[in-house]
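Structure record follows, encoded as structure tokens.
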Amino acid sequence: MYNQDEPRLNFNTCVKEQFTYLVEEINKKYDQLRQLTNDELRSTAYDLKAYIESIECIEEVKIALNEELPRAYALIKEVARRFSVGNIEVSANDYDRKIADIVDFVIIRGEKAIYKNKWSVGKLSFQWNMLHYDEQLLGGILLHYGYAVEMATGEGKTLVATLPVFLNALSHNGVHLMTANDYLSKRDYEITRPLYVFLGLTVDCIEFYKKNDDKRRLAYQADITFGTNSSFIFDYLFDHLATDSKECVQSKHNYAIIDELDSILIDDANDPYIVGGGQEYDNSQIFKDNIEYIRELSSTVNLTPLYTKDNLHHTASFTQAGVEWLRKRINDDNLFKYTKISQIENWKSLSDEEKEIINSRYNLQNALYQLLLALTVYEKDIDYVVTEENSPTIAIIDPNTGRLRKSSRWEHGLHTAIEVKEGVKTVPDYDGMGVISTKNYLRLYSKIAGMSGTILAAADELKELYELKSASLPTHKPNIRIDQPLRIFKTEKDKDTAIIETVKHVQKSGRPILVGCLTIKRAEFLTNLFRNNGIKCNLLDANNEKDESLIISKAGISNTVTVATSIAGRGTDIKPDAKALEKGGLMIIGTDLFSSVRVDQQLKGRTGRQGNPGSSIFFVSLEDSILRYLSEHDKRLLDNLAKETSEQEIISHDLSLYFKLAQKNRENYLREKRRKTARKDDIIASRRKTFYENRNALLHDPKAADKVIDSIIDTYDLSRDYIFQKLHDIYDSLSKIISGNKIVHPDIKKLQVPFSCQSIPFALTFSIRDSKTDFESVMNDYKRQLILLNYDKQWKEFVQYVLGNLDQEEIEDLDKKFYDMLTKVNQSLVNYINNTRIIFNPKQTDVPSKPLETPYFRVKSKIEVSPDRPCPCGSGKKYSECHGRNTRKKAKRRR
Ligand code: ADP
Ligand code: MG
């Protein structure tokens, strides 16, 4: 059994002793470096780089990096010092000259390169003025040794990261600096880039480039690459959907440093990452046809309710009465009899027609269920926004960061259901085609480490899921922030009145205030309320993300009130001005409790940074949504306690414990969900590895396609001449199309050609290299893509299958299913070789290909019913005693 206290103990007793001697060594080396000229300092760095580059064996590189840590860290610290003092002038080399054309911080004057100590960060001017403290050196050492390091907010983790980033980038194996959102990613890249460039390293940030931009691939080839976790993970999945090796962007997974580590490894790991692909389909009609039924059902007041809502799980389900109501309204007695094809015992013996009826009923059931969620559970400006563009779309709000998840869609038709609910144009869907959990993506790296202000609260989960050790560092200056006790009110209205009074009072004193809100809806409501009460304020939420840097740069000015969602939580650096500090620093007002204690702590952490004065206070009411997470029993006890006083404000320590309990319940539920996500992805992991290896071979090895063709010739005893003839037939037509197009469009680089196989249409893309239209190069493209097409088709089916709710038996049979899939690839390939033909349509072939934009999925919402609720089949039994029998069994066996 893992001991929860171990990480902390471990650190206090040995880690500090183990590493403080290194801090001394760094500082000794740093003192020596101070004597060097700028040119000599740079040569030291270049020599070190040349030395690490000269080592070939990976294990020896690791040893050398450990040995050279003090020298490398001293170098970075000395460069930081020189930038703090002023501009740095050095003899210009080729890299300086090249980079001077692109950046604002290097200018070339004759033989000299001048590195300025002022540059722009997020379009605002920034002047370097930081030198690593000893605590920061220690943090940097721990990051090199693979720790999850807790350093309080404001301790300068951006600066800490420069140390291990520089050291590990020396090997040219790549360092990925991963963070929770693109604002932080761009900001930290822009703040630290001059240090790395001065020392001769290349550095880039993928967040500046779109998915299909070639610059994104180049950014991955830099020694240091900044980006968000979701960009890194989605790029990985998209690389494994590529049909041409040139489309792949990632290469090595060497070392990842994860900023705001608990946000990425915990809060954002609730759901797996899924990318869609293959054929798009428009399923919206069934949602449009049925939404009125669900509108009616959800507003019908019935003696026995027609549906129930489960707030903790953010789901809803039809009750037996609801199912019967639907059966009558839709006139189908078999509705919700089954929710899974595998529940139908005689499925195989049914006729195609019967199967068709069942399939379309299954489709209808799903639409009804997703509509129920859309209408009763998912709320505008809480779960999603309707974007205010010419053609509005539904954009998901990330519940942890308060930001929009661009291009993400909810799965299983939920997104379409919400589009129909809001009356916006529906977007066609794709099936999930690649899936991976955060955990299994991070396993690809040889080493991971990270930092955050809130690690210890998550230490045992980090150990359990990621095998990460945690350590906590002391602050450089003592933290003097005052956290005032929770203020509890009976109603939300009373709470808001008290908030207004507090804001007015504090603003008068001259302090700036950050008002943290749970949702956009709430932030907008409070902004209006403040303005109506004569309080001037700025609003920061996902709808005005683009003004983020500006709003944050003003938030520390005396008297300023900033209302924000959790977007202004993690990582945000608010600098109080001199007057604000004199009056008591930034005041944080929490207007609700967040879904986890760590998120509350992150909000509080915006003040009292670096030993500054500051304070925080949270307001709650008995009407708050967080109390939905209490059990009925606890809710009753809470209400009884509240009845004891007649005041609007209730001062009771016991009562505040119930709020903490509700938060804890929510955290536990999410933790269990993450365990499930990780477990499910582990099931798929080894098969994904095999599949991706085969697939990568096809992309990168020019002979791989022929090897596959050879193997099917042997397996299926086909005639080589026959296959050759088939390929030649295709080539004859293809070469005509290609050369025809080259005459009309001399600059053409790629061409998309429509094909069909037994009336299933598909398109293949041909790169037109110089004048090469010879059989070999054209047919290499053709064979590779045809094989990939079949691979991906079968893989998609497999992924869909695994994403479904598998029972234990199905999990045990998964290997067989996987190998069946590989066999099917070959069978279907034979079919494609036999029956593929070009669809002649000169208009279509004229158009140079455009890369297809495929969506990202993050949130899954299958038909899930809690065990104690009535089974949706309408049997009247509990779900756990009917169709949900396996779920219970599964849970027991795992334990
Ligand atoms: P964190 O990520 O730990 O919350 P940041 O990296 O955002 O903290 O830094 C917080 C603030 O402290 C920034 O304004 C930064 O410039 C400042 N800072 C950090 N380290 C130092 C240092 N060694 N000397 C001076 N200022 C520092
Ligand atoms: Mg930070």
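Values quoted throughout were computed directly from the atomic coordinates according to the rules given, and no laboratory measurement underlies them. Please read all numbers here as calculations on a predicted model, not as lab measurements. Don't worry about glycine lacking a Cβ; one is built from the backbone with ideal geometry, like all the others, and counts go over all protein chains shown.
The length gained on full extension between Glu422 and Asn390, counted as 0.36 nm times the residue separation minus their Cα-Cα distance, comes to 10.0 nm. Phi-derived couplings, Karplus 6.51 cos²θ - 1.76 cosθ + 1.60 at θ = phi - 60°, listed residue by residue for region 539-549: 10, 10, 8, 4, 6, 10, 3, 5, 8, 3, 4 Hz, with x used for Gly and Pro.
Would you mind calculating the relative contact order of region 702-841 from Cα pairs under 8 angstrom and at least 6 residues apart, reporting the percent as a whole number?
Result for region 702-841 is 31 percent.
Scaled against 2.2 N^0.38 Å for its residue count N, the alpha carbon radius of gyration of region 645-689 is 2.10. D by Stokes-Einstein for region 765-820, Kirkwood Rh over Cα pairs, 25 °C, 0.890 mPa s: 176 µm²/s. Divide the volume of the convex hull around the Cα atoms of region 231-293 by the residue count and you get 132 Å³ per residue.
Let me know the whole percent of all Cα-Cα pairs from region 278-339 that are separated by more than 14 Å. The calculated P(r) of region 278-339 puts 66 percent of pairs beyond 14 Å. Scoring 692-700, 97-105, 654-662 by mean Cβ neighbours within 10 Å over their residues and listing the highest first yields 654-662, 692-700, 97-105.
The GluC sites (Glu not before Pro) of region 371-426 that meet both conditions, a loop assignment by DSSP and at most 16 other Cβ atoms within 10 Å of the site Cβ, are Glu379, Glu388, Glu389. Put simply, the amide H of Leu539, placed in the peptide plane, has neighbours under 5 Å in Val563, leaving out anything fewer than 5 places away on its chain. Radius of gyration over Kirkwood radius for region 408-552, both on Cα atoms: the Rg/Rh ratio is 1.06. Can you tell me how region 524-618 classifies by the Cα gyration tensor, rounded, prolate or oblate, using a/c under 1.5 as the rounded cut? Rounded.
Distances between every pair of Cα atoms in region 174-325, grouped in 5 Å steps from 0 to the bin holding the largest one, split as 2, 8, 13, 14, 13, 9, 8, 8, 8, 7, 6, 3, 1, 1, 0 percent.
What does the helix-only formula give at 222 nm for the chain: each DSSP H stretch with n ≥ 4 adding -39500 (n - 2.57), the total divided by the residues, and the result rounded to the nearest 500 deg cm²/dmol? -15500 deg cm²/dmol, from helical runs alone.
A crude spin-label estimate for the pair Glu296 and Thr243, with each label 7 Å from Cα along the Cβ direction, gives 4.6 nm.
When 1/r is averaged over all different Cα pairs and the result inverted, which Kirkwood radius in Å belongs to region 320-470?
With all distinct Cα pairs of region 320-470 included, I get 19.5 Å.
Amide H to amide H, with H built 1.01 Å from N, Gly608 comes under 5 Å of Leu586, counting only residues 5 or more places away or on other chains. Normalised by the number of residues in the chain, the average gap of Cα pairs under 8 Å and 6 or more apart makes the relative contact order 14 percent. Thinking of region 550-705 as a set of Cα atoms, what percent of all their pairs are more than 25 Å apart? So the pairs more than 25 Å apart make up 55 percent of the total in region 550-705. Among the trypsin sites (Lys or Arg not before Pro) in region 302-339, none sits in a DSSP loop with a Cβ that has at most 14 other Cβ atoms within 10 Å. Classify the chain: rounded, prolate or oblate, from the alpha-carbon gyration tensor (a ≥ b ≥ c, eigenvalue square roots; a/c under 1.5 rounded; otherwise prolate if a/b is larger than b/c)? The shape class here is oblate. Distance from the alpha carbon centroid of region 759-835 to that of region 456-484 works out to 47 angstrom. Sequentially through region 576-590, phi angles give Karplus couplings (6.51, -1.76, 1.60; θ = phi - 60°) of x, 7, 4, 5, 4, 5, 5, 8, x, x, 5, 9, 9, 10, x Hz, Gly and Pro residues having no value and appearing as x. Its residue count N fixes a reference of 2.2 N^0.38 Å for region 241-329, and the Cα radius of gyration divided by that reference is 1.83. Diffusion coefficient of region 305-392 by Stokes-Einstein, Kirkwood radius over Cα pairs, 25 °C, 0.890 mPa s: 161 µm²/s. Maximal additional length on extending the Arg109-Lys749 stretch stands at 226.3 nm, based on 0.36 nm per residue less the C-alpha distance.
Against the 2.2 N^0.38 Å scaling, with N counting residues, where does region 106-219 land? I'd like the Cα-based Rg ratio to two decimal places.
Expressed relative to 2.2 N^0.38 Å, the Cα Rg reads 1.14.
Each peptide in 470-476, 758-764 gets a packing score, the mean of other Cβ atoms within 10 Å over its residues, and the list from highest to lowest is 470-476, 758-764. Taking a ≥ b ≥ c as the square roots of the Cα gyration tensor eigenvalues, with a/c under 1.5 meaning rounded and otherwise prolate when a/b beats b/c, else oblate, which class fits region 604-691? Taking the square roots of the gyration eigenvalues as a ≥ b ≥ c, region 604-691 is oblate.
Note that region 126-165 shows a convex hull volume over its alpha carbon atoms of 69 Å³ per residue. A Cα-only calculation for region 661-803 places Rg and Dmax at 21.7, 73 Å.
Panel values: region 726-811, Kirkwood radius from alpha carbon pairs, Stokes-Einstein at 20 °C and 1.002 mPa s, translational diffusion coefficient 142 µm²/s.
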